[in-house]
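This report concerns only the one structure given below.
The values are calculated or read from the model by the stated rules, or taken from the named source; none is laboratory data. The model shown is predicted, which means the values in this text are computed figures rather than measured ones. Neighbour counts are summed over all protein chains in view; Cβ atoms, including those assigned to glycine, are modelled from backbone coordinates with ideal geometry.
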Amino acid sequence: MTASDAVGLPLTYRVELSEPASRRGWWRVANTGSGVQVAAALNELATRVDLDNAGHAADGHCWYSYEVRWPDGVMLEAFAGSIDAVLIPGELRGLAAILVSATAHGRGDS
């Protein structure tokens, strides 16, 4: 696959979050879409997490993991670890920006 082949092809993504100060599931989303579509979904999730954080005490760390893969299954971005709940929306928005840039320019591994 050339870099130009990757532009516009669907990415597969998965994001999982635990509730603050808990390992109980809070958000789990996964889907497939273009870089712009995935970025829009991540930005929407960031807004929802912001609202959830504002609605109740977001004290504590969450388990946060995500994977984003190119159409051929090669990993584009991934993370798994503990993060302060109030930082998650910014992390999701940052990931969205990375995906828009990466898919606009293709993989660059040809």
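Here are a few things to note about the model shown:
- Residue, farthest from residue 20 (Cα to Cα), within the stretch 67-99, restricted to residues that are charged (D, E, K, R) and in a strand (DSSP E or B): 69
- The residue pairs whose first member lies in the stretch 60-72 and is more than 21 Å from residue 37 (Cβ to Cβ), whose second member is part of a strand (DSSP E or B) and among the acidic types (Asp, Glu), and whose beta carbons are closer than 9 Å, counting only pairs six or more residues apart or on different chains, are 60/84; 61/84; 62/84; 63/16; 64/16.
- Residue list for the stretch 25-63, filter: surrounded by 14 or more Cβ atoms within 10 Å (Cβ to Cβ), under 15 Å from the mean Cα position of the chain (by Cα) and not in a helix (DSSP H, G or I): 26, 27, 29, 33, 34, 62, 63
- The residues of the stretch 82-108 that are at pLDDT 95 or above and surrounded by fewer than 19 Cβ atoms within 10 Å (Cβ to Cβ), listed by number, are 90, 91, 93, 94, 97.
- The set of residues in the stretch 6-24 being touching a Ser or Thr at 6+ places or on another chain (Cβ under 7 Å) and loosely packed, with under 14 Cβ neighbours inside 10 Å consists of 8, 24.
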